[in-house]
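Have a look at the structure below, then the notes.
The values are calculated or read from the model by the stated rules, or taken from the named source; none is laboratory data. Quantities reported herein were computed from a predicted structural model and do not represent experimental measurements. Using ideal geometry, Cβ is built from the backbone for each residue, glycine included, and neighbour counts are taken over all protein chains shown. These area figures cover heavy atoms from the full protein model, side chains too; ligands, DNA and RNA do not enter into them. Shrake-Rupley method; radii C 1.70, N 1.55, O 1.52, S 1.80 Å.
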Amino acid sequence: MEAIRVYRNINSADKLFGLEIADGGILLMTFFVAFMVNKNGLFSNLALLVVVYFGLRALKRGKPDGYLLVLGRYVLMSRFKRPAGYEEAECPR
């Protein structure tokens, strides 16, 4: 039986220009915020998008797929892991 050559791994994440779909959402949100704040600054908004794109690429370099989602989940959930004012010395034994 001859092996069939495929050009895409089923287990790999979908990527466009080196970014995952969630990263594209970050770029899309940056686009909307940039044009809501500065409606007439086409070149400055484009420069901001380019900087955010290369920043995301630099942040994700060498990291596994889904890294930004896990990092965002960690940042958002770290405040709710322990009740406020609860210290290690106060825990019952």
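Points worth noting:
- Karplus-derived 3J(HN,Hα), 6.51/-1.76/1.60, for each residue of region 44-56, Hz, glycine and proline x: 5, 5, 5, 5, 4, 5, 5, 5, 5, 4, 5, x, 5
- LYS39-LYS63 pseudo-label distance in nm [points 7 Å out on the Cα-to-Cβ vector]: 3.5 nm
- Ranking by accessible area, most exposed first, for ILE26, ILE21 with a 1.4 Å probe: ILE21, ILE26
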